[in-house]
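Data block below; observations after.
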Amino acid sequence: MSWIQSPSSNRMIAIRNDIKKAFELDANNQFRQAFTQYLTCADSIIGIVQGNSANKNLNEIRTGTNERLLNLLKQCVERSAAILESGKDDKSEDSQSSPSQQQQNRDRIDSQDSHADKCS
């Protein structure tokens, strides 16, 4: 079963869309909003992984779905930390991201989607 088709697929689709929104905010130098959006996504991912892990041993928890979710969680936390560490405010002149950086942000979530589709 694909992680997109799991019982909580609506929550996962919503998280995927929220992460795309965070990447877009980030690419558009809306750093405060992107920071908050990344943390909201991280919180949602933690909720799903906790739900997937209830009353299971570690071998049962170690699934492709949970591994992909934890990878997304890691990306959200790393990016929110990078925004905070940069000290850059929204639309500051020295923080304009290049078109290639914007494309990298979009490609991150797309690569997760294509990997999930191959695993179904």
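Laboratory data are not the source of any read-out in this text; all were calculated from the coordinates shown. All figures in this text were calculated on a predicted structure; none of them were measured in a lab. Cβ coordinates were reconstructed from backbone atoms using ideal geometry, including for glycine residues, and neighbour counts include every protein chain displayed.
Observations, loosely collected:
- Residues in the range 25-38 that are assigned to a helix (DSSP H, G or I) and surrounded by fewer than 17 Cβ atoms within 10 Å (Cβ to Cβ): Arg32, Gln33, Thr36.
- Residues in the range 65-93 that are farther than 15 Å from Ile46 by Cα, in contact (Cβ under 8 Å) with a residue 60 or more places away in the chain and either in contact with a Cys (Cβ under 7 Å, 6 or more places away or on another chain) or surrounded by 13 or more Cβ atoms within 10 Å (Cβ to Cβ) (or both): Asp90 only.
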